[in-house]
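Some notes on the structure that comes next.
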Amino acid sequence: MDSILQFFAKLWAGFDSLSSSRKMSVIIVTLITAASIGLMVYLTNQVEYRVLFSNLSAEDAGSIVGKLNEKKISYKISSSGNAVSVPAEKVSELRLELAAAGLPQGSGVGFEIFDNKTLGATEFEQQLNYRRALQGELARTINGLDEIQSSRVHIALPKDSLFSEQQKRPTASVTLRLKSGKTIRPAQIEGIVHLVASSIEGMNPDDVMVVDSRGTILSAGQGDTNKLSKLTASQVDFQRNTEKELSGRIQSMLENIVGKGKAVVRVTAELDFRVTEKTEESYDAEAPVVRSVQRNSEKTNAVGKTGVVSETPEKEKLDEVVNYEINKVVNKTVMPVGDTKKLSIAVLVDGTYKKNEKGEEVYQPRTKSEIDSIEDLVRKSAGINAQRGDQVVVTNMPFGKVEAEEAETPSLKERVETFTPIFGYIAIAGLIIFILLFIVRPLIKTITKAAPVPVRQLSGTQLAVSIPGETQTEQYARQVAEEMQGTGGRSLTEAEIAREMARADSKQFADILRNWIK
């Protein structure tokens, strides 16, 4: 307890010995430090709010706020009114409770419109409610996509006709509002179109129109044009894969011969993507086929009408007609799609290198026999057909040497996660430690050093030393004075003490004089 009181007494004495300007600086720094610590403590004790639901419609936001008021839970609403935030520790619990209550419902109404039955509803009202419910359910499903902020679906259901030829097909239109910075892919647009078309009886994907919030048609070209474009894209991919596979096989084979990285192969393939059906009829006259056989048989007996045996013998007549058909064979062949029409292969190989008298590598081109061997090898491995115009060119040229390989710069995709309260506490603790070490501690040290040194007795003579702080030099001066008094047995004057100190150590005596002058 006494040590604490002495520390504060020394602290106050040091503060009291400071000049007015330094006193004001110390007071300002102390107030700023205390205010910073108080502000950090205040911010730490504040309730952290997290988003409960976002992108809400006005109806859903009002319903959710009503539920929160019933439960007496504090909340915050965004400036746009489409997001509600609640205390972080209650987010999961409230989401489950509101989901059980059917909130948020999404844009429009769904099939819950039929939960409340109304007496006396006409057929027209029932059909209208069904259309509204179907539109609302489709909009909720589309809003589930990550890129979609909101959507609306409009369905046109034609009246039933007595004649099927006059029956019109239903149509639909979808309006999409995308999230900021998001884009929607063509595959997703096609998925939305088929989703709507499959949900309505008798609707084709061609009858669905999708537009964005700026009025741009997104589903243009559904139908034959889109199918043709898809077929063209698949053809290009198939052609590129064919060229890549063939060039890879040839290059890997050549690198085993000429060396790694000393061969480059480029392949251009012309493919036939026409769908062709071939029908052939062949007739074989040497192998006829019996088509029909007609036989007529006539027989006459030898007994007459009177029962007397006739002298003439019995007669029998047989007629046979055979019809033959020429043998015919009909072959129907569907030609393969993507058949190779022409191949063009370009091969570039490096030469050899030999050291000269100076030790430098000199390029040596390959011989004609080596080039011919490589060309023949490429022809056989690629299945070159000269009748269809395939070409192979092998060129020998020096490759540029790369002194150093470029370092791979891996692309790191950082994801920003939600800050948890522990990060805030760590930051505040680090800031407090920084203030204590680099502001409060130097300030206390400065004040304590400024405390005046008490008056000391030197053999009856009072030597008032007003040195700010007691350094090692002052300790040395006191030690010299005490030793001289102990050996001489008499009291020394200030001049004698100063003279002995200067004789013992002139450098330390100069430091003492400098401190006295200050």
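Looking at region 184-208, which of the residues that are among the acidic types (Asp, Glu) and assigned to a helix (DSSP H, G or I) is most open to solvent (accessible area, probe 1.4 Å)?
The residue in question is Asp206.
Applying the selection to region 150-183, what residues are among the β-branched types (Val, Ile, Thr) and open to solvent by less than 30 Å² (accessible area, probe 1.4 Å)? Write out each step before concluding.
Residues of region 150-183 that are among the β-branched types (Val, Ile, Thr), as a first pass: 153, 155, 171, 174-175, 183.
Selection gives Val153, Ile155, Val174.
Only residues that are of a type in the set (Val, Ile, Thr) and open to solvent by 60 Å² or more (accessible area, probe 1.4 Å): list them for region 318-332, please.
Residues satisfying the conditions are Val321, Ile326, Val329, Val330.
Any idea how many residues of region 169-181 are modelled with pLDDT of 85 or more and of a type in the set (Lys, Arg)?
Qualifying residue count for the region: 2.
In region 357-376, what residues are closer than 28 Å to Val267 by Cα and open to solvent by less than 60 Å² (accessible area, probe 1.4 Å)? First the steps, then the outcome.
Here is the first cut: in region 357-376, the ones closer than 28 Å to Val267 by Cα are 363-376.
Scanning region 357-376 gives Arg366, Ile371, Ile374, Glu375.
Being part of a strand (DSSP E or B), surrounded by 11 or more Cβ atoms within 10 Å (Cβ to Cβ) and at pLDDT below 85 is the requirement here; does Leu98 meet it?
Here the answer is no, as Leu98 does not meet what is asked.
Just checking, does region 291-300 include any residue being modelled with pLDDT under 80, of a type in the set (Val, Ile, Thr) and open to solvent by 100 Å² or more (accessible area, probe 1.4 Å)?
no
Just give me the residues in region 246-261 being surrounded by 11 or more Cβ atoms within 10 Å (Cβ to Cβ) and either assigned to a helix (DSSP H, G or I) or modelled with pLDDT of 90 or more (or both), in sequence order.
Matches in region 246-261: Leu246, Ser247, Gly248, Arg249, Ile250, Gln251, Ser252, Met253, Leu254, Glu255, Ile257, Val258.
So Ala88 clears everything in (1) buried (at least 16 other Cβ atoms within 10 Å of the Cβ); (2) closer than 26 Å to Ile428 by Cβ; (3) in contact with a Pro (Cβ under 9 Å, 6 or more places away or on another chain); (4) hydrophobic (A, V, I, L, M, F, W, C) except one condition, right? Which one?
(1)
Pick from Val210, Val153, Val193: which is closer than 16 Å to Arg131 by Cα and either touching a Leu at 6+ places or on another chain (Cβ under 7 Å) or at pLDDT 85 or above (or both)? Steps first, please.
Values: Val210 fails: closer than 16 Å to Arg131 by Cα; Val193 fails: closer than 16 Å to Arg131 by Cα.
None of the other options fit; the residue is Val153.
Taking the condition modelled with pLDDT of 85 or more, out of contact with any Leu (no Cβ under 8 Å at 6 or more places or on another chain) and farther than 16 Å from Leu138 by Cβ, does Glu201 pass?
No; evaluated as a whole, the condition is false for this residue.
Might you let me know whether region 134-148 holds any residue that is more than 18 Å from Ser57 (Cβ to Cβ), open to solvent by 100 Å² or more (accessible area, probe 1.4 Å) and either touching a Leu at 6+ places or on another chain (Cβ under 6 Å) or not in a strand (DSSP E or B) (or both)?
Checked against the condition, which is being more than 18 Å from Ser57 (Cβ to Cβ), open to solvent by 100 Å² or more (accessible area, probe 1.4 Å) and either touching a Leu at 6+ places or on another chain (Cβ under 6 Å) or not in a strand (DSSP E or B) (or both), region 134-148 yields at least one hit.
Pull up region 48-73, narrow it to residues that are among the aliphatic types (A, V, I, L, M), part of a helix (DSSP H, G or I) and modelled with pLDDT of 80 or more, then point me to the one that is surrounded by the most Cβ atoms within 10 Å (Cβ to Cβ). Before you say what the answer is, go through the steps one by one.
Residues of region 48-73 among the aliphatic types (A, V, I, L, M): 51-52, 56, 58, 61, 64-65, 68, 73.
Now restrict to residues that are part of a helix (DSSP H, G or I): 58, 61, 64-65, 68.
Filter once more, keeping what is modelled with pLDDT of 80 or more: 61, 64-65, 68.
On the way: Ala61: 20, Ile64: 22, Val65: 15, Leu68: 18.
Across region 48-73, the extreme among qualifying residues is Ile64.
Could you check, for region 112-125, whether at least one of its residues is open to solvent by less than 60 Å² (accessible area, probe 1.4 Å) and either over 27 Å from Ala61 (Cβ atoms) or in a loop (DSSP other than H, G, I, E, B) (or both)?
yes
Do you know which of the residues in region 250-305 that are touching a residue at least 24 places away in the same chain (Cβ under 8 Å) and either hydroxyl-bearing (Ser, Thr, Tyr) or touching a His at 6+ places or on another chain (Cβ under 8 Å) (or both) is farthest from Tyr324 (Cα to Cα)?
Only one residue fits best here, namely Thr268.
Could you check region 333-356 and list, in sequence order, the residues that are open to solvent by 40 Å² or more (accessible area, probe 1.4 Å), part of a loop (DSSP other than H, G, I, E, B) and touching a residue at least 40 places away in the same chain (Cβ under 8 Å)? Show your work before the answer.
The first filter runs over region 333-356 and keeps only residues open to solvent by 40 Å² or more (accessible area, probe 1.4 Å), leaving 333-337, 339-342, 346, 348, 352-356.
Those left that are additionally part of a loop (DSSP other than H, G, I, E, B): 335-337, 356.
The answer is Met335, Val337.
Would it be correct to say that Val453 is modelled with pLDDT under 50, more than 44 Å from the chain's Cα centre (by Cα) and open to solvent by less than 50 Å² (accessible area, probe 1.4 Å)?
Against the criterion (modelled with pLDDT under 50, more than 44 Å from the chain's Cα centre (by Cα) and open to solvent by less than 50 Å² (accessible area, probe 1.4 Å)), Val453 qualifies.
The values are calculated or read from the model by the stated rules, or taken from the named source; none is laboratory data. Please read all numbers here as calculations on a predicted model, not as lab measurements. No Cβ is skipped: glycine too gets one built from the backbone with ideal geometry, and neighbour counts run over all protein chains shown. Heavy atoms of the whole protein, side chains included, go into the accessibility calculation; ligands, DNA and RNA do not. Shrake-Rupley method; radii C 1.70, N 1.55, O 1.52, S 1.80 Å.
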